[in-house]
1. Return yes or no: is D154 closer than 30 Å to G225 by Cα and modelled with pLDDT of 95 or more?
2. Can you tell me which residue is farthest from the chain's Cα centre (by Cα) among those in region 157-207 that are of a type in the set (G, A, S) and closer than 17 Å to I83 by Cα?
3. Quick check: anything in region 150-166 among the basic types (K, R) and without any contact (Cβ under 8 Å) to a residue 12 or more places away in the chain?
4. Can you find even one residue in region 137-144 that is of a type in the set (A, V, I, L, M) and under 19 Å from W4 (Cβ atoms)?
5. Output the residues belonging to region 132-151 that are loosely packed, with under 12 Cβ neighbours inside 10 Å and either in a helix (DSSP H, G or I) or not β-branched (V, I, T) (or both).
6. Can you tell me which residue in region 54-74 is surrounded by the most Cβ atoms within 10 Å (Cβ to Cβ), limited to those that are β-branched (V, I, T) and under 15 Å from L13 (Cβ atoms)?
7. Out of L117, L172, report the one residue that is at pLDDT 95 or above and hydrophobic (A, V, I, L, M, F, W, C).
8. I want to confirm something. Restricting to region 100-129 and keeping residues that are without any contact (Cβ under 8 Å) to a residue 12 or more places away in the chain and of a type in the set (S, T, Y), which single residue is surrounded by the most Cβ atoms within 10 Å (Cβ to Cβ)?
Amino acid sequence: MTDWHDDILENCLEILLDYRGKSPPKASVGIPVLSAKVVKTSGLLQPIEQKIAFDYYAKWMVRGLPHVGDVVMTTEGPMGEVIQLTEETVQYALGQRIVCLRGKSGILDNTFLRYLLSSPSQQNILEGYSTGTTVPGISQKALRSLPISYPPFDTQRQIGTLLSSLDDKIDLNRRTNETLEAMARALFRDWFVDFGPTRAKMAGEAPYLSPELWELFPAMLDNEGKPEGWHISSIGDETDIVGGSTPSTSNPIFWNGDHYWATPKSLFGNSLKCDS
């Protein structure tokens, strides 16, 4: 990284908006307020309950207005959570224990700054410049003198674009998983709680599942309100639970290649690698 530059944060910033101090007066309806309670590197915590009145926004935001792409960082309780303002969040008010940062044009790219501040190495530096033991925090003076390292501006933009695209992919996968989980819960409830297919058959409604699935559901409910032929049992009555130790090598059923068994080391995220 011979082409990286070392400097202090203040020399690379066009603006630093610090709205620490007293909290703005709360309103039941109005403009959401960004504070250390809701600003998280993983994403804003929703819903944002703290709001200020619409007509109070101009009175409160007198230290300067943020721009789209500016970086917001928490300075205390907790310290070092980082987000980047979007078309929506740039309209929010800035509240307690946060600062808004904007890099100098051609010197420090905002998206690169976002990822730089949230990186483990910069978080360690940030912690070293903080004060307080129970609730660590950083003063504006210390923040301005924070040492940073950065590559040429074009390289910063490439890094920011790459990391942003990865974050977008992660967010898309997360939302896709949430949708799939919701669909799975809805299916489970319809099939095994509400017994929807059976009730639909009783009502003479058209099938809404594939034929092979539709045939699995009885056409009537019994006196207990469950599909005919179904019974209630416990998982222990229907399965054999084996665990606690590695299968003995003297037992060929686990070692002849016909059966697989799993250990904690077999777990890799959402995948499973089994031994045989």
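The values are calculated or read from the model by the stated rules, or taken from the named source; none is laboratory data. Since the model is a prediction, treat every value here as computed from it, not as a measurement. Please note: Cβ atoms are built from the backbone with ideal geometry, for glycine as well, and neighbour counts cover all protein chains shown.
1. No, not satisfied.
2. G160
3. Looking through region 150-166, none of the residues is among the basic types (K, R) and without any contact (Cβ under 8 Å) to a residue 12 or more places away in the chain.
4. no
5. Scanning region 132-151 gives G132, K141.
6. Taking region 54-74 as the starting set, the residues that turn out to be β-branched (V, I, T) are 62, 68, 71-72, 74.
Applying the additional criterion that residues be under 15 Å from L13 (Cβ atoms) yields 71-72.
Working: V71: 25, V72: 23.
For region 54-74, the residue satisfying everything is V71.
7. Exactly one of L117, L172 is at pLDDT 95 or above and hydrophobic (A, V, I, L, M, F, W, C), namely L117.
8. Out of the qualifying residues, it is S119.
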